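Encoded as structure tokens, the structure appears first; notes follow it.
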Amino acid sequence: MIVFDDRNCMVDVARLALRSTSAESCGKCTFCRIGTKRMLEILERMCAGKGQPGDIEKLETLADTVSRASLCGLGQTAPNPVATTLQYFRDEYEAHLAGNRCPAGRCRALIRYVVNENCIGCTLCAQACPVGAIEYRPYEKHEVAVELCTLCDKCWQACQEDAIDIV
Amino acid sequence: MISCRHSMVTLTIDNRRVGVEPGTTVLAAAEQAGIRIPTLCHVPGIEPAAGCFVCAVRIEGRRNLSPACALPVSEGMVVITQSEDVRAARKMALELLLSDCTDDCAAISPLVRSLVEEYQPDVCRFTGERRTFPKDVSHPDVTYDPGKCILRGACVQVAAAAGEPLGLAVIGRGFHVAVAVPFGKPLSEGLRRAAQRCAEVCPTGALALRRAAR
């Protein structure tokens, strides 16, 4: 059993599941061997912000047919994470596609860290940043230098004031 | 049709009742009933592989599609060979296969060509990464182009049955799985006596007789 929260991107979860199942495929069945690979490619593109119109429909069709036209349980169940995340978290898929946005703040190609008005200038984020992307400004609003930021998430974790947004 | 029920199995294929010997595959039963199910990786006379799923059929009462070339008949089975979802699955199988083969694949193999004509796959629907296709031209009688290989493994079976010391094997797994001679040896060492027969059973001509040898 795996526990997720709202910082886990369900498109990313499906991608990771497909990454392991497509690598485990024995390669005998057309649909499992090539179909899981194609589903993985679509998910990788979406997580990289390169989703294309029709990707969601392609994922749905592939997921349905791969599960119905495979000889063993691997091919039959590998599409389940895709099918169920599409069923329950379709809005996250659509955000990746239409809005080029990752609502969970996980997909690195689609996010930026921005300090908001809650900042009290405690400098905890600047201390936490491993690459010096946040200048020390005691008692003043801090700022993340986008060109230096490596999206490591340390500032978000360090902040006690809910002052960092992932957009 | 003989109706000695204790020795025959009766089933329905596309609303046609047919009685066959127990152990007959759905594909063979359909043929007896005059119904043609398309195939790609089916090679008569050797164990079916059932991997390509071009012969997919729907069995009433089952969610999953079944490969007709390998599924044995059972009493009262109801088989549908031409429904919309079955045809869509066959078309998708071709689209997936053609998304991972050499550009001239459909043109070269008559069997693939006829399937493409019948099912009109959209070859651009599932474009993506392709395997690498290192050709093996080391053998005097046959050439091997992995770009046309659909991983049927008929050649593997035939080489083993012919007692080839090295023969061929399915190497690796997943998307990059490949049929090759074990230990990275060239085809000339893998197929010392079964080369022609292997080429004869290859459904796509990935393993093909050199034109000069004909």
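List the residues of the stretch B:173-213 that lose 20 Å² or more of accessible area once all protein chains are present, compared with their chain alone (1.4 Å probe, heavy atoms only, no ligands or nucleic acids). Buried on complex formation: B:Arg173, B:Gly174, B:Phe175, B:Val177. Label sites at A:Lys50 and A:Glu117, each approximated as a point 7 angstrom past Cα along Cα to Cβ, lie 3.9 nm apart.
For the stretch B:58-130, with only Lys/Arg (+1) and Asp/Glu (-1) charged at the beta-carbon, what is the dipole magnitude about the Cα centre, in debye rounded to 20?
The calculation lands at about 200 debye.
So, counting K/R as plus one and D/E as minus one, what does the shell of residues with Cβ under 14 Å around A:Thr77 add up to? Here the count lands on 0. Surface composition of the stretch B:2-70: carbon and sulfur atoms hold 48% of the protein heavy-atom accessible area at a 1.4 Å probe. The HN-Hα couplings worked out from phi for the stretch B:147-152 by the Karplus form 6.51 cos²θ - 1.76 cosθ + 1.60 (θ = phi - 60°) are x, 10, 7, 9, 6, 5 Hz, whole numbers, x standing for Gly and Pro. Working from Cα pairs under 8 Å separated by at least six residues, relative contact order for chain A is 21 percent. Only protein heavy atoms count here, probed at 1.4 Å, and on that basis chains B and A bury about 2400 Å² of accessible area in total.
Residue pairs exceeding 25 angstrom between C-alpha atoms, taken from A:Lys50/B:Lys148; B:Lys91/B:Lys135; A:Lys28/A:Lys50; A:Lys50/B:Lys135; A:Lys37/B:Lys148; B:Lys91/B:Lys148: A:Lys50/B:Lys148; B:Lys91/B:Lys135; A:Lys28/A:Lys50; A:Lys50/B:Lys135. The mean count of C-beta atoms from other chains within 10 Å of the C-beta of residues in B:146-155, rounded to a whole number, is 1. Computed over chain A, the per-residue total of -39500 (n - 2.57) for DSSP H runs of n ≥ 4 gives a 222 nm mean residue ellipticity of -12500 deg cm²/dmol, rounded to 500. Which of the lysines could be linked to A:Lys154 by a straight reach, that is with a Cα gap under 24 Å, when you skip same-chain ones fewer than 8 residues away? Within reach: A:Lys141. A straight Cα-to-Cα reach below 13 Å connects B:Lys185 with the aspartates and glutamates B:Asp136, residues fewer than 8 places away in its own chain not being considered.
For B:Asn64 and B:Val137, calculate 0.36 nm times their separation in residues minus their Cα-Cα distance, and state this gained length in nm to one decimal. Please report the intermediate quantities before stating the final value.
Values: separation 73, 0.36 × 73 = 26.28 nm, distance 4.05 nm.
Computed gain between B:Asn64 and B:Val137 is 22.2 nm.
Which whole number gives the average, over all residues in A:18-30, of C-beta atoms from other chains lying within 10 Å of the residue C-beta? Mean inter-chain Cβ contacts per residue within 10 Å come to 5. Entry comment: accessible area of the protein assembly as shown is 49 Å² per residue, from protein heavy atoms only and a probe of 1.4 Å. Each Cα pair under 8 Å and six or more residues apart adds its sequence gap; the mean of these over the residue count of the stretch B:158-214 is a relative contact order of 30 percent.
Taking only C-alpha pairs under 8 Å that are 6+ residues apart, what is the relative contact order of the stretch A:39-109 in percent?
RCO, the stretch A:39-109: 37 percent.
The region of chain B that goes longest without hitting one of the GluC sites (Glu not before Pro) in a DSSP loop, each with at most 16 other Cβ atoms within 10 Å, is B:130-214.
Length gained on full extension, A:Ala23 to A:Lys58: 10.6 nm, using 0.36 nm per residue less the C-alpha separation. In the stretch A:48-167, the portion of solvent-accessible area held by carbon and sulfur atoms comes to 50 percent [1.4 Å probe, whole percent, DNA, RNA and ligands not counted].
For chain B, the longest principal axis of the C-alpha atoms and the axis of helix B:84-98 are separated by about 0°. Remark: mean inter-chain Cβ contacts per residue of A:71-79 equal 1, using a 10 Å Cβ-Cβ cutoff to other protein chain atoms. The charge dipole of the stretch B:150-214, taken about its Cα centre with unit charges on the Cβ atoms of Lys, Arg (+1), Asp and Glu (-1) only, comes to about 180 debye.
The values are calculated or read from the model by the stated rules, or taken from the named source; none is laboratory data. Just so you know, these numbers come straight off a predicted model, no measurement behind them. Cβ: placed from backbone, ideal geometry, glycine included. Neighbour counts: every protein chain shown. The area values use the complete protein model at the heavy-atom level, side chains included, leaving out ligands, DNA and RNA. Shrake-Rupley method; radii C 1.70, N 1.55, O 1.52, S 1.80 Å.
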